[in-house]
Amino acid sequence: MELSIIGSGYVGTTIAACFAELGHDVVNVDIDEDVVASLNDGQAPIHEPGLAELVERYAGDRLRATTDYDEILDTDATFLALPTPSNDDGSIDLGTMKAAATSLGETLARKDDSHLVVTKSTVVPRTTVDVIGPRIEEASGKRVGDGFDIAMNPEFLREGTAVDDFLSPDKIVLGAQTDRAYETLAEIFAPLVERAGNPPVVKTGISEAEMIKYANNAFLASKISLANDLANICKEFGVDSAEVLESIGLDSRIGSAFLGAGLGWGGSCFPKDTAAIIAAARAQGYEPRLLQAAVDVNDGQPERMLDLLRERFDLDGKRVAVLGLAFKPGTDDIRKSRAILLIQALLDAGADVVGYDPVATENMRERFPDIDYADSAADALANADAALVATDWDEFAALDDEFDAMRERIVIDGRRIVTRREGLDYESLV
């Protein structure tokens, strides 16, 4: 099919390349001319394993980019893959989505055939029906169900594994109002269903599809925070939390995924989506106490880590290496990274900070331009008084003799990835 995607960020670029891999012809529409040029040159604008190869393979063939909305007129369906950042109160900012919906509506006013508009961005229930649809109606002079249809197809992509997550999904959620919309969605995803071995396809309403994404992330965020809460209790009793969590993960009702206790969750999805659904619930007059508790536990983990370091020395004047700057391994994304909180607190306490990450250094340099950055973990550790492990990159698990170059050899491990060894003052966060 002929597909258009508005937005070329983590989600937009990934789904565009993956749809091209499935055989569709895809055009990305973006206002950023540099991003458009990069895609057309076969270069992925973001770091994501497997994405660069797909973009390079299909650019100029089944995948292209443009700043011209008129390119949408020759497509069958448009996916809205735009940012919905958090406002100060946690609610989502729909400014970019509204602007895109208006531009899309103005474009569709010149199209005779029916068109499907699919919300891919994460938005609270009723956004597609009450905000996106009416915006397109106003700008196009058409009506939902007569001239264009609306739908919702939430994404479940994890940064660092987004390509694999798209091509090997646990489920595909199709939210729509009309048979025509369902049929078009089914046709779009038919190659994926076949390729992925017939994963469950959930056919539901638009608002239900919107809520499924929030419920999914809220459950996982709460599971991580519960694991951290239990691990914190284990530490107070001198109990090995890893053994406890590994054991309960064997229960089929619980499962081992997302039980890795440590510094907590960051990134673009869990913090934003949890805050958004909490804000949405409060707007409806309901106080989501369990979700708020999950956030509170998560927000407290970096401070607990710093307390372990403060027990050993006054931070003022000490050189501290922060290993891992991305919010998780496999990505260069630093949004809501735990490392940001650690670095800021260290600087506030007068510490001298050196950071290292395999791929996220330049992004963190924009946030903290005045701290030191090392080209390797070994360089970061050299002459450091302490090291804080903030991201569980595999290369940190292989560190050994590199710690000998430290002055005081203090290692506080927020991800329980470094091997405890003689000669190290090592302590895991949990």
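The values are calculated or read from the model by the stated rules, or taken from the named source; none is laboratory data. Because the structure is a prediction, the values reported are computed rather than measured. When we count neighbours, we look across all protein chains shown, and the Cβ atoms used for this are built from the backbone with ideal geometry, even at glycine. For accessibility, only protein heavy atoms count, side chains too; no ligands or nucleic acids. Shrake-Rupley method; radii C 1.70, N 1.55, O 1.52, S 1.80 Å.
Kindly establish whether residue 26 is in contact (Cβ under 8 Å) with a residue 40 or more places away in the chain and open to solvent by less than 10 Å² (accessible area, probe 1.4 Å).
Numbers: in contact (Cβ under 8 Å) with a residue 40 or more places away in the chain: no; open to solvent by less than 10 Å² (accessible area, probe 1.4 Å): yes.
In short, no.
Is there a residue being crowded, with 23+ Cβ neighbours inside 10 Å, among the hydroxyl-bearing types (Ser, Thr, Tyr) and closer than 30 Å to residue 234 by Cβ anywhere in the range 410-420? Taking every residue of the range 410-420 in turn, none turns out to be crowded, with 23+ Cβ neighbours inside 10 Å, among the hydroxyl-bearing types (Ser, Thr, Tyr) and closer than 30 Å to residue 234 by Cβ.
Just one of the listed residues (326, 397, 321) is within 30 Å of residue 164 (Cβ to Cβ) and either open to solvent by less than 10 Å² (accessible area, probe 1.4 Å) or among the aromatic types (Phe, Trp, Tyr) (or both), namely 326.
Considering every residue within the range 314-327, establish whether at least one is modelled with pLDDT of 95 or more and part of a helix (DSSP H, G or I). So far as the range 314-327 goes, no, none of its residues is modelled with pLDDT of 95 or more and part of a helix (DSSP H, G or I). Residues in the range 353-367: is at least one more than 23 Å from residue 403 (Cβ to Cβ), open to solvent by less than 30 Å² (accessible area, probe 1.4 Å) and either in contact with a Ser or Thr (Cβ under 8 Å, 6 or more places away or on another chain) or aliphatic (A, V, I, L, M) (or both)? Taking every residue of the range 353-367 in turn, none turns out to be more than 23 Å from residue 403 (Cβ to Cβ), open to solvent by less than 30 Å² (accessible area, probe 1.4 Å) and either in contact with a Ser or Thr (Cβ under 8 Å, 6 or more places away or on another chain) or aliphatic (A, V, I, L, M) (or both). Taking the criterion of being open to solvent by less than 40 Å² (accessible area, probe 1.4 Å) and touching a Lys or Arg at 6+ places or on another chain (Cβ under 7 Å), the residues of the range 368-394 that qualify are 373, 384, 385, 386, 389, 390, 391.
It is to be established whether one or more residues within the range 131-147 are among the charged types (D, E, K, R) and in contact (Cβ under 8 Å) with a residue 40 or more places away in the chain. So far as the range 131-147 goes, no, none of its residues is among the charged types (D, E, K, R) and in contact (Cβ under 8 Å) with a residue 40 or more places away in the chain.
Scan the range 4-53 residue by residue and report those that are within 19 Å of residue 160 (Cα to Cα), touching a helix residue (DSSP H, G or I) at 6+ places or on another chain (Cβ under 6 Å) and of a type in the set (S, T, N, Q). Selection gives 8, 14.
Condition (residue is assigned to a helix (DSSP H, G or I), surrounded by fewer than 16 Cβ atoms within 10 Å (Cβ to Cβ) and not β-branched (Val, Ile, Thr)) applied to the range 209-221: is it met by at least one residue? Yes - at least one qualifying residue is present in the range 209-221. Taken as a whole, the structure leaves residue 73 outside the set of residues that are within 24 Å of the chain's Cα centre (by Cα) and not hydroxyl-bearing (Ser, Thr, Tyr).
For the range 298-311, filtered to residues that are open to solvent by 30 Å² or more (accessible area, probe 1.4 Å) and part of a helix (DSSP H, G or I), the residue that is nearest to residue 223 (Cα to Cα) is 299. Here the condition is being small (Gly, Ala, Ser) and closer than 28 Å to residue 150 by Cβ; of 59, 52, 17, it holds for 17 alone. List, please: which pairs have Cβ atoms under 6 Å, are six or more places apart or on different chains, and start with a residue in the range 236-249 that is in contact (Cβ under 8 Å) with a residue 12 or more places away in the chain and end with one that is open to solvent by less than 50 Å² (accessible area, probe 1.4 Å) and not aliphatic (A, V, I, L, M)? Listed by first residue and then by second, the contacts come to 241/234; 244/234.
Of all residues in the range 9-23, count the ones that are open to solvent by 10 Å² or more (accessible area, probe 1.4 Å) and under 21 Å from the mean Cα position of the chain (by Cα). Number of matching residues: 3. Per the listing 365, 420, the residue uniquely at pLDDT below 95 and in contact with a strand residue (DSSP E or B) (Cβ under 9 Å, 6 or more places away or on another chain) is 420.
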